[in-house]
Structures are given as structure tokens and as C-alpha cells.
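One structure below.
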Amino acid sequence: MSLKASVLFLFSKWYILLIVGILGGVTGIIFATLEKAQYESKLNFSLGESGGGLSGALSLAAEFGFNIGGAGTDIFSGDNIMSILTSRRIIEEVFLSSDTVDGKIVSMADLFIAQNKLDFSKNKKIGPISYPVGMDRKKFTYHQDSILFTFYENTIKKSLRVKKPDKRLNFYEINYVSRNERFSKVFTEKLVNQATLFYTELKSKRSRETLEILTDRAQAMRGGVKSAIQKQAAIKDANVNPAFSGTIATVQQQQVDATAYGKAYEEIFKTLELARYQYLNDIPLLQIIDYPNYPMRKIKSGRLKSAVIGGILAGLFTVLLLLLHRKIKLLS
């Protein structure tokens, strides 16, 4: 069958194509009308460089035998931030976090179930599923863990997008889509908060532990200085006669102890201050540029566009069926 013959054949069936095209257009309009709108949140943030200013002080402390950590490799820089924001741990923690709706505290997971009208009770093997706020993750059932994992997969594949618009700059963009405008906003904000808390806990762990140890040592040395001074004063008050050489020797010993404790406290205090700066330096410098404010971008198919697409698709499908039917008829 030649191309010309095929074209002439299709022209002879113009009324069928017209009817099918109209029906396809009507179907597109119905689809656009019934389609539920989705709302896309958008959050932009930048990452600052940490380190710099303390390198000299930390090197000087190391020369005196003090090791108070260091910046190390910044896992929160570069494209690693995108891996953290899209990790299973962070996203599931967001779903298990809470929000207040109509004066009631509920988990984000339960809100997700409600807004998507998910009914797991229809499955006898699963039954009703909910995620009470504050419930110990270790007490989750297998089905609770499995469904939470499907929420994570759905989020990664369909709802969440983390990108770096300009590879030359440390600017990042987060987009999240859901059927509820408030849910999109809250989910995005909680995602950034959870990622920041995770990084702060991970990167500042060593410097925080060092800070706690030095704080305890500084308090112990300070107590030693105070105790030596108090003992020295007590001995002087109890022995006002300077003729007793034993008393003089005891007073001098307490003076030596007080001086020794004082010098040790001074050195530890200096190191403690460096440790405080190091701990603050390890906190990520994440700066929010644009928050996901209302109104969110509404995603919904337009009626005219859906009608055109529906008509074209229906027409193309009909053309293929007509040509296939004619070919089969000619071969038979």
C-alpha cells in the first residue's frame, strides 16, 4: 500500500477521525477537570565555607600538646549535601516528625496518609497503619517499616527534587510536590532542619566531646585552686604564732599547690576557649535565601491544553488502527 493511497484512504475516513478527535478532546477536558491540583514548594539556600580563621590557633595549640580536633573533610559541602537531603534516614525522620493541624499534634506520615486517602485496612495482612508521634522506632512492626520505606521511595521518585542550579556557586534548590499546600511547605522546611541537625551532630561530635572533657578538667583545676587557698587561709588563722616552723612549711606547701593549680587552670582555660571556638566553627553555615512561602506554585493541567493533547492522541491512535485494519483486509 503506497503512501498516496494511505493518505487518500485516511481522507475518506475524515468523519471518523473528526468524531474520535472530538471525543479525545472531551476526554482531555474531563481529565483536567477531575485532576487534583498539586502544590510545589521551593527553597533556596547557600553553603558557606567553614574553617579558615581557626587554623592558626589550632596549630599553635597542637604545638603545646593540645589536640582539640579540626575541621577535617567537610562532608556537607559540594554535591554531598544533595545526598544527605535525599537520604532514606533524613526523609523518614521528616515523615516521623510532628506538625500541629487544627490544634492536634500529628505525625507527617499520618498527614501524608490522610491527604492521599491511603487505606491499608483493606489489606487483611496489613490492617490499619498509623505513626503516633513519639513512638519508638524500634517498636515499629514490619508493615510500618515497609510502608514508611514506600513513602521514602515515592518521595525520591515523584515528589522531591534537589539540584544545584549553577555548578560554579554553592547555591542549592529544593522542590517538593504534594496535594496539600501546607504539607509541601512544612515538609521542605523540616527536610532542611533535619539535614542540618544530622550534620551538626555528625561533624561536631568530636569537638563537642573534647569541649565537655576540657570543661570538666577546668572545673576540677578551679576547685583545686580554691581548695588550696582555703586550706592556706585556715592554717594561718589557726596558727597566728609565726614561730612554729612546721606551720610555716605547711603554709608554703599550700601556696605552692595553689600556684601550680592556678597555672594549670590558666593553660586549660586557654585550650577550653579554643575548643569552644572550634565547636562553633563545626556548625554548618547554611543560609536560607528563599523560604517556601505562600502561595505555592499550583500544578494542574489546563483544560484547553488537555483537550488538544487528548484530541491529537486519540486521532493518532485511530489512524494507526485504520491503517492496520486496511492492511489486514488487503492481505486477506
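Note on Leu8: accessible area is roughly 110 Å² with a 1.4 Å probe, heavy atoms of protein only. Could you tell me which of the pairs Lys122/Lys305; Lys104/Lys139; Lys36/Lys122; Lys104/Lys124 are separated by over 32 angstrom between their Cα atoms in the structure shown? Checking Cα-Cα distances, Lys122/Lys305 exceed 32 Å.
Taking a sphere under 13 Å around the Cβ of Tyr131 and counting the other residues whose Cβ falls inside, with K and R at +1 and D and E at -1, yields a net charge of -4. The HN-Hα couplings worked out from phi for the stretch 30-46 by the Karplus form 6.51 cos²θ - 1.76 cosθ + 1.60 (θ = phi - 60°) are 4, 4, 5, 5, 7, 5, 7, 5, 10, 10, 10, 8, 9, 10, 10, 9, 10 Hz, whole numbers, x standing for Gly and Pro.
The values are calculated or read from the model by the stated rules, or taken from the named source; none is laboratory data. Model, not experiment: these values are computed from the prediction. Backbone-built Cβ (ideal geometry, glycine too); neighbour counts: all protein chains shown. SASA here: full protein model, heavy atoms, side chains in, ligands and nucleic acids out. Shrake-Rupley method; radii C 1.70, N 1.55, O 1.52, S 1.80 Å.
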